[in-house]
Every structure is written in structure tokens, then in C-alpha cells.
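*Asks:* My questions will all concern the structure given below.
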Amino acid sequence: MTNLIRTAALLFLVAIAGIQVIRPARTNPPTDPARAMGAAMTVPADAAAVLNRACRDCHSNETTWPWYSGVAPVSWLVIDHVRSGRRHFNYSEWTGYESEKARKILHDICDETRNGSMPIGSYLLAHREARLSEADVHALCNWTQSVVAARTP
């Protein structure tokens, strides 16, 4: 039985070491400040602070990659979350969105933070500072709703 446990442990360690070879790219594409959200609209300081603290890593080209984002298999999940977040919306590429898409994103920012689906739970496990208070959600919703209302014909 002891040999079986040793063999299983050795195989597990070899597998963990072997998967480190599979390394998806951790990217931060170059950002043109003229294309960023802040160039297209005024973001109040309280909302900007929340975006920076709780959203930037997955929804911009300015991801701060933590140490564990280089260790498989966790790295695969982290990199996938960032790619998915950037696809959903990327405030580093804000001026590339058509007006209707931008309005929907702003609406979703309020809805998803209000219902607790953003930031995602797995991100919050490692980033306690990203937890949103009622005041944070209120700041985001006040800002996004005012922008959507101002742009509605």
C-alpha cells in the first residue's frame, strides 16, 4: 500500500510539473489613452476608484498579473477570466464601441454590480479589496445611469 501511495504521489508531482509547460500568454495589449473610457466621458472620482480597484484587472489592458497567474492549472483559469472580461467590455478600448453597445455596457455595469454577479466570486476569493460596498454600487449606478440618461434621445 505504501508503494502505491508513493507511486501515485510521484505521478501527481510529475503531472503538476509537466503541465507548467502549457503556458497561455498573459498579455497587456498596448493602450492608447485616447481610446480609453476616461477620454470619452467624465467618470466621477468615486466611480473611477471602484473601477480601478474592482474591475481593472479583467476589464482593461492594464491587468496586474498575480504570481499564481503563472502557475498551471490556476493560470489557465485566470487568463481565461481576463480574456472573457475584456471581450465583455474593455474600458481601455472604450471608444471602439458603438453608442448602443456602450449604453448596454453601462446599464449592465449597474445591474451586475447591484445583483452581486460582478466582480465574480473566484476573483473576490483572492482580491478582498475588490468587494463592493453599497456605497461602491451606488457610485457606479449613479454614474452609469446618469450617462445613459444623458445619451438617450
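The values are calculated or read from the model by the stated rules, or taken from the named source; none is laboratory data. Here the structure is a predicted model, which is why all the values come from computation and not from measurement. Note that each Cβ is placed from the backbone with ideal geometry, even for glycine, and that neighbours are counted across all protein chains shown.
*Asks:* Which one is surrounded by the most Cβ atoms within 10 Å (Cβ to Cβ), of the residues in segment 29-40 that are over 15 Å from the mean Cα position of the chain (by Cα) and not in a helix (DSSP H, G or I)? Give the steps one after another, and end with the answer.
*Replies:* So the first thing to find is which residues in segment 29-40 are over 15 Å from the mean Cα position of the chain (by Cα), and the list is 30-40.
Filter once more, so that each one left must be not in a helix (DSSP H, G or I): 30-32, 36.
Details: Pro30: 7, Thr31: 15, Asp32: 11, Ala36: 19.
Per the criteria, the residue is Ala36.
*Asks:* Out of all the residues in segment 93-125, which are more than 20 Å from Ala135 (Cα to Cα) and polar (S, T, N, Q)?
*Replies:* Within segment 93-125, Thr95, Ser99, Ser122 meet the criteria.
Yes or no, residue by residue, for (1) in a helix (DSSP H, G or I); (2) modelled with pLDDT of 95 or more; (3) hydrophobic (A, V, I, L, M, F, W, C):
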position: Phe12; (1), (2), (3): yes, no, yes
position: Thr27; (1), (2), (3): no, no, no
position: Thr42; (1), (2), (3): no, no, no
position: Val82; (1), (2), (3): yes, yes, yes
position: Ser92; (1), (2), (3): no, yes, no
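*Asks:* Of (1) of a type outside the set (S, T, N, Q); (2) in contact with a Phe, Trp or Tyr (Cβ under 6 Å, 6 or more places away or on another chain); (3) over 27 Å from Arg128 (Cα atoms), Pro33 satisfies all except one. Which?
*Replies:* With respect to (1) of a type outside the set (S, T, N, Q); (2) in contact with a Phe, Trp or Tyr (Cβ under 6 Å, 6 or more places away or on another chain); (3) over 27 Å from Arg128 (Cα atoms), Pro33 is out only on (2).
*Asks:* I would also like to ask the following. In segment 118-131, which residue that is modelled with pLDDT under 95 and among the small types (Gly, Ala, Ser) is surrounded by the fewest Cβ atoms within 10 Å (Cβ to Cβ)?
*Replies:* Gly121
*Asks:* Name the single residue that is surrounded by the most Cβ atoms within 10 Å (Cβ to Cβ) among those in segment 55-80 being outside any helix (DSSP H, G or I) and not β-branched (Val, Ile, Thr). Before the answer, list the steps.
*Replies:* Step one: of segment 55-80, the residues outside any helix (DSSP H, G or I) are 60-66, 71-73.
With not β-branched (Val, Ile, Thr) added as a condition, the list becomes 60-62, 65-66, 72-73.
Numbers: Ser60: 24, Asn61: 19, Glu62: 14, Trp65: 15, Pro66: 14, Ala72: 17, Pro73: 11.
Within segment 55-80, the match that is surrounded by the most Cβ atoms within 10 Å (Cβ to Cβ) is Ser60.
Each row is one residue, and each column tells you yes or no for (1) more than 22 Å from Met118 (Cα to Cα); (2) of a type in the set (Asp, Glu); (3) in contact (Cβ under 8 Å) with a residue 24 or more places away in the chain.
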site	(1), (2), (3)
Arg6	yes, no, no
Val43	no, no, yes
Thr64	no, no, no
Ser69	no, no, yes
Val74	no, no, no
His81	no, no, yes
Arg87	no, no, no
Ser92	no, no, yes
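*Asks:* I need the full set of residues from segment 62-74 which are closer than 18 Å to Asn28 by Cβ and modelled with pLDDT under 90, in order please. Give the steps one after another, and end with the answer.
*Replies:* Step one: of segment 62-74, the residues closer than 18 Å to Asn28 by Cβ are 62-70.
Residues satisfying the conditions are Tyr68, Ser69, Gly70.
*Asks:* Just to be sure I understand the filter: pairs with C-beta atoms under 7 Å, separated by 6 or more residues or on different chains, first member in segment 20-38 and under 23 Å from Val147 (Cα atoms), second member surrounded by fewer than 13 Cβ atoms within 10 Å (Cβ to Cβ) and of a type in the set (A, V, I, L, M, F, W, C). Which pairs pass?
*Replies:* Pro33/Ala39
*Asks:* If I filter segment 68-90 for residues that are over 22 Å from Asn142 (Cα atoms), of a type in the set (D, E, K, R) and touching a helix residue (DSSP H, G or I) at 6+ places or on another chain (Cβ under 6 Å), do I get at least one hit?
*Replies:* No: zero hits.
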